[in-house]
Amino acid sequence: MAWMVAVARWNDLDIVHKTVASDFDCYCPMFRERVVVRGRSTWRARCLFGRYFFISHALHQWTKALSLPCVSILMADQQPALIDDDEIEGLRKREIAGYIPVERQNRFRRGDRVLITQGSMRGVVGFVESAGSITVISAHGIRVRVAESRLGRVAM
């Protein structure tokens, strides 16, 4: 079986699971990320491919899939773009308790030139000394621990 690639309407991914599942076999791979909400650390479920999800392809059923209320567009050129069943099965095999494990990668490495974009040291350019908990060394030799979200990359 092949799968069509569909794009959900904004904020309609909950509807995708309810609406599409009744007429078509739908697959929207999910992952979990740790976020802080009101000072508490919690897990949030997110779609692995953003608004993209997969609908099982039945012969000549793609026009019906396009008319679903949660589908914004189907990825297509004359005919819908199809994903092989082996690719979908590969994603499903990676799932643990319904979620695909995703490791967060550091944006910055040791030696990267960065710009502090927020806070009292805004505008200071420095180099990353350690990437685990990011420590920046400014041109004046000042060492500062900075959150990754407050840094930008500087072109060399």
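Taken together, the values in this text are just the output of simple stated rules run on the coordinates, not laboratory data. Please read all numbers here as calculations on a predicted model, not as lab measurements. Counting neighbours? That spans all protein chains shown, and the Cβs are built from the backbone with ideal geometry, glycine included.
Calculated from DSSP H runs of 4 or more alone, at -39500 (n - 2.57) each and per residue, what is the 222 nm mean residue ellipticity of the chain, nearest 500? Spell out each step's value before the answer.
On the way: 2 runs with 15 residues, N = 156.
Value at 222 nm, helices only, nearest 500: -2500 deg cm²/dmol.
Just for the chain, what percent of DSSP beta bridges are antiparallel, to the closest 5? Intermediate values should be presented prior to the final figure.
Numbers: 37 of 37 bridges.
Here the share of antiparallel DSSP bridges comes out near 100 percent.
Measuring from label point to label point, each 7 Å out along Cα→Cβ, what is the Lys93 to Met1 span in nm?
1.8 nm
Which of Met1, Met30 has the fewest other C-beta atoms within 10 Å, and how do the rest follow up to the most?
Numbers: Met1 10, Met30 16.
Fewest-to-most ranking of Met1, Met30: Met1, Met30.
Per q in 0.11, 0.13, 0.15, 0.20 1/Å, what log10 I(q)/I(0) does a Debye calculation on the alpha-carbon atoms of the chain return?
So the normalised log intensities are -0.64, -0.76, -0.85, -1.12.
Using DSSP to call loops (not H, G, I, E or B), can you name the GluC sites (Glu not before Pro) in the stretch 94-155 whose Cβ has at most 12 other Cβ atoms within 10 angstrom?
On the way: sites: Glu95, Glu103, Glu129, Glu148; in loops: Glu95, Glu103.
Those that pass, being in a loop and sparsely packed, are Glu103.
Using the crude model of +1 on Lys and Arg Cβ and -1 on Asp and Glu Cβ, and no other charge, please compute the dipole size for the stretch 33-139 relative to its Cα centre, in debye to 20.
On the way: 16 positive and 11 negative charges, 161 e Å.
My answer is approximately 780 debye.
Under a point spin-label approximation (7 Å from Cα along Cα-to-Cβ), what is the Glu129-Leu66 distance to one decimal in nm?
Label at Glu129, label at Leu66, 5.9 nm between them.
Using a Förster distance of 30 Å, how high is the FRET efficiency between Arg40 and Arg113, based on the Cβ-Cβ distance and rounded to 0.05?
Computed FRET efficiency for Arg40 and Arg113 comes out at 0.30.
What is the helix-to-structure angle for 85-94, meaning the angle in degrees between its Cα long axis and the longest Cα principal axis of the chain, kept from 0 to 90 and rounded to the nearest 10?
50 degrees
Can you pull out the trypsin sites (Lys or Arg not before Pro) in the stretch 83-156 that DSSP calls coil and that have at most 11 other Cβ atoms within 10 Å? Display every interim value, and only then the final one.
Values: sites: Arg92, Lys93, Arg94, Arg104, Arg107, Arg109, Arg110, Arg113, Arg122, Arg143, Arg145, Arg150, Arg153; in loops: Arg104, Arg107, Arg109, Arg110, Arg122.
Passing sites in the stretch 83-156 are Arg104, Arg109, Arg122.
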